[in-house]
1. Could you please tell me which pairs satisfy a Cβ distance under 8 Å, a separation of 6+ or placement on different chains, a first residue in the stretch 36-64 that is closer than 16 Å to Leu233 by Cα and in contact (Cβ under 8 Å) with a residue 60 or more places away in the chain, and a second residue that is basic (Lys, Arg) and assigned to a loop (DSSP other than H, G, I, E, B)?
2. With respect to Asp253, determine if the residue is at pLDDT 95 or above, closer than 26 Å to Leu79 by Cα, in contact with a Ser or Thr (Cβ under 8 Å, 6 or more places away or on another chain) and of a type in the set (Asp, Glu).
3. Which pairs turn up if I take residues in the stretch 177-199 that are under 17 Å from Gly86 (Cα atoms) and look for partners that are open to solvent by less than 10 Å² (accessible area, probe 1.4 Å) and among the polar types (S, T, N, Q) with beta carbon separation below 7 Å, at least 6 apart in sequence or on another chain?
4. How do the pairs read when you match residues in the stretch 77-98 that are on the phi < 0 side of the Ramachandran plot with residues anywhere that are among the hydrophobic types (A, V, I, L, M, F, W, C) and surrounded by fewer than 16 Cβ atoms within 10 Å (Cβ to Cβ), using Cβ under 6 Å and keeping only pairs 6 or more apart or on different chains?
5. Quick check on the stretch 17-31: of everything there that is buried (at least 19 other Cβ atoms within 10 Å of the Cβ) and outside any helix (DSSP H, G or I), which residue is farthest from the chain's Cα centre (by Cα)?
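The values are calculated or read from the model by the stated rules, or taken from the named source; none is laboratory data. Nothing here was measured: the structure is a model prediction, and the numbers come from that model. Cβ placement follows ideal geometry from the backbone for every residue including glycine, while neighbour counts extend to all protein chains displayed. When the accessible area is computed, the model is the full protein with side chains, heavy atoms only, and any ligands, DNA or RNA have been set aside. Shrake-Rupley method; radii C 1.70, N 1.55, O 1.52, S 1.80 Å.
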Amino acid sequence: MTAVDWTTISQPQNIRLVVADMDGTLLDGQSEIPDGFWPMLSRLRRHGIEFVPASGRQYATLRGMFADRAARLLGGEELSYIAENGNVVALDGKVVEVHGIDLDVTRHVIDLIDAAAATGSDVGLVVCGLKTAYVQRSDKPFLDEVSKYYAALSVVDDLHAVLDVAREPSSYMPGGDAEIVLKLAVLDLDGAERFTDEHLAHLRADYQVVVSGRLWVDIMNAETDKRQGVEALQRALGVLSAQTAVFGDYLNDALMLGAGDWSFAMGNAHPDLKAAARYIAPSNVDHGVLKVLDRLIV
């Protein structure tokens, strides 16, 4: 696919669902929701269009960013969310799908990261649970970066202890209290792509190993991604791909772009993502999502 500039869209379209990644996409250069988003959200709802944040961020983090102000704007209505790169899908504020990763690979990755850290790699692991995220590294540079994405965070002495309270994903029941490991997020403060190639490539035969940012790589169930979350919401809402606009900037957004006929890579996106998109939007610092939406809807 050869992406074209968003300005080639000459008129409003029949859009009913808008799905946007957060970091590098909707969020501005300070990782904040731009002020112009809130009037746009009201405008979307007036036209019957659902807006969905889709992120590698934790569900609790996304709700903390959006829920209160959105409820005030929308008369108490909740947003829908795709969190943890598709491992948690919420419709109108209620979790409707949970996917996760098995405990054997969780144990293997804990050991692998411990070994890499012991030999000098500036790396740490976030075990992303349904209830909270768990880390054992507690230095300030590491926690400062992790805290951007995980509002519910527990520091433990040894991540192996999480395995004693977690259950396999197949045991999840809506409303249940079992802890499920959703995904494993590796933070390498020296850069994730090289670490992934050197230490995690062997996992790709059985799991998704996706570089989700300059410092981050996510290890997930092979059958789970943001696209699966978009498709779950499309089914629930009765929305077609021809009525869906999707925005992203990094490699963990690539599959998601295929769920919407109106697929946009941001101007600041990874080159491989631009190759997967139908259109190129302005960059996140230029508020590209808002500019495109202003043209796409009446």
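1. Between residues of the stretch 36-64 that are closer than 16 Å to Leu233 by Cα and in contact (Cβ under 8 Å) with a residue 60 or more places away in the chain and residues that are basic (Lys, Arg) and assigned to a loop (DSSP other than H, G, I, E, B), the close pairs are Ile49/Arg16; Glu50/Arg16.
2. Against the criterion (at pLDDT 95 or above, closer than 26 Å to Leu79 by Cα, in contact with a Ser or Thr (Cβ under 8 Å, 6 or more places away or on another chain) and of a type in the set (Asp, Glu)), Asp253 does not qualify.
3. Val181/Thr106; Leu182/Asn87; Lys183/Asn85; Lys183/Asn87; Leu184/Thr106
4. Correct list of pairs: Val89/Val96; Leu91/Ala236.
5. Here the residue is Leu17.
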